[in-house]
1. If a residue must be open to solvent by 10 Å² or more (accessible area, probe 1.4 Å), within 21 Å of the chain's Cα centre (by Cα) and either among the β-branched types (Val, Ile, Thr) or farther than 17 Å from GLU155 by Cα (or both), how many such residues does region 185-202 contain?
2. Between residues in region 155-168 that are more than 13 Å from THR179 (Cα to Cα) and residues that are assigned to a loop (DSSP other than H, G, I, E, B), which pairs lie under 9 Å by C-beta distance while being six or more apart or on different chains?
3. Tell me whether region 68-77 contains one or more residues that are surrounded by fewer than 18 Cβ atoms within 10 Å (Cβ to Cβ), aromatic (Phe, Trp, Tyr) and more than 23 Å from PRO451 (Cβ to Cβ).
4. Show me the strands (runs of 3 or more DSSP E) found entirely inside region 81-176 where at least 2 residues are at pLDDT 90 or above and in contact with a Pro (Cβ under 7 Å, 6 or more places away or on another chain).
5. Against the condition small (Gly, Ala, Ser) and either buried (at least 20 other Cβ atoms within 10 Å of the Cβ) or within 30 Å of PHE433 (Cβ to Cβ) (or both), how does GLY127 come out, does it pass?
6. Any idea which of LYS321, LYS313, LYS359, LYS351 is under 30 Å from PRO55 (Cβ atoms) and charged (D, E, K, R)?
7. What are the pairs with Cβ atoms under 6 angstrom where one residue, in region 104-120, is open to solvent by 10 Å² or more (accessible area, probe 1.4 Å) and the other, located anywhere, is of a type in the set (Val, Ile, Thr) and not in a loop (DSSP other than H, G, I, E, B)? Sequence gap at least six, or different chains.
8. Taking region 115-133, which residues are under 15 Å from the mean Cα position of the chain (by Cα) and of a type outside the set (A, V, I, L, M)?
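The values are calculated or read from the model by the stated rules, or taken from the named source; none is laboratory data. The structure displayed is predicted, hence computed values, not measured ones. Ideal geometry is used to build each Cβ from the backbone, glycine not excepted, and the neighbour counts take in all protein chains shown. Quick note on the areas: whole protein, heavy atoms, side chains included, nothing else; ligands and nucleic acids left out. Shrake-Rupley method; radii C 1.70, N 1.55, O 1.52, S 1.80 Å.
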Amino acid sequence: MMMGGLFFIVCVGFIGLFLGVVLDHFLPLFLNLGAAPRGSFGWPLVGETLRFLRPHASNTLGRFLEDRFSRYGKVFRSHLFWSPTIVSCDQELNHFILQNEEKLFQCSYPKPIHGILGKSSMIVVVGDAHRRLRNVALTLVTTTKSRAGYLDDIERIALHILGSWKKRVVFCEEARKFTFSVIVKQVLGLSPDEPQTAKILEDFLTFMKGLISFPLYIPGTPYARAVQARARISFTVKAILEERRKNGGGYNNKGDFLDVLLSITNLSEEEKVSFVLDSLLGGYETTSLLMSMVVYFLGQSSLSLEQLMREHKAIRANKKKDECLNSEDYKKMEFTQYVISEALRCGNIVKFVHRKALKDVRYKDYLIPSGWKVLPVFSAVHLDPSLHGSPLQFHPWRWEGQNQTACKKFTPFGGGPRLCPGSELAKVETAFFLHHLVLNFRWRPEGEDAPIAYPYVEFPRGLPLQVEPIL
């Protein structure tokens, strides 16, 4: 009798839990049925997240967005990342969302991202904390660009990487070696051959694998190893900061970014360490992926590669043998900028960003309900045929006479108060590396490989290339 009663209680509990989950999933839909954009919510708990995250070529929308776009239009509702969501493939709404950060919308990444990046990461913090960290980031860019030898460091590291090439390279790995060496030098003042650099790189590779893994904290899983790797990197960075303090770090010492960071009084120690990690992440992964995109798309466009070679031959013709590039040379790399912009448009390194509505927001004929997640999808705008003629074609000349930095239809680095502060540094590194690559090497892909969005973007095989020196 007691067992029967216990079984009945358990059954009632499960039924109540099931109904609660279903009600929690669909209630936002019923409460905003007439006002929210059209769309569907999918299954309770998972919603449509798995279909949204299904891998696809990064220069396409993917089946999920193509289907929803054709059925509901450029703006539709869904249920993604455990939240009712408005998905925007519309350039005007995307611009509106980005420009109203902290007014109508706020950054809102899933909790597992907070767990691996840290609660003080500039990527996830909001309000005054984000403004303070962003000001530090802008200081990094200014300090880096004004430092004597900054461009020489980039060129020297590029030549060192290219000088080690044999007949075959895995380009994504080579690009990561280059960008990591550059950002560690810029942020921590470490050269590639120092023991601390190797230690940070080893932990950073573990960190990156966990960042794109399933967020399950069980010892031995990639996510758990990444959290542990972040703790080790933090410990190493703290030791470097403490050593610099002992040596009198501050504006009166080296005057590099680390001294500037130590002199800032309105950041806690944890925020300073977290900021260094953010800088390493941004300067390492996204810049190396940009370089890989450029090389990939140039390999498919011989006309673009020929035009690029002509531009860099003209620059080199006006310089002495082994003379370093300078800022004036960079200003002459006009077609190079077109190539970089087109690779960003076609490759879509950042497909979308996470936001949430802080209040009910009226946009055109429908409502974005307060508390709902909002996903502005940049790739949909970059591949919109009404905005970019023949959008699937890699055609750098489309950027002639266009403003590539202030353009609603081109947002590879985000926009508004969260516009990536290091975007120009990424372009400089890519341009300088390209200069020596196109003048000294021919390359062709070894087998099939292409950028895939998971939604993070990567080349499954690492973009293996057969390379041949130009004698």
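1. Number of matching residues: 2.
2. Partner pairs satisfying both residue conditions: ARG168/GLU446.
3. yes
4. Where strands (runs of 3 or more DSSP E) fall fully within region 81-176 and carry at least 2 residues being at pLDDT 90 or above and in contact with a Pro (Cβ under 7 Å, 6 or more places away or on another chain), they are 83-88, 168-170.
5. Working: small (Gly, Ala, Ser): yes; either buried (at least 20 other Cβ atoms within 10 Å of the Cβ) or within 30 Å of PHE433 (Cβ to Cβ) (or both): no.
Spelling it out, it is not the case that GLY127 is small (Gly, Ala, Ser) and either buried (at least 20 other Cβ atoms within 10 Å of the Cβ) or within 30 Å of PHE433 (Cβ to Cβ) (or both).
6. LYS351
7. As it stands, the answer is LEU104/VAL361, since those pairs meet every condition given.
8. Correct list: SER121 only.
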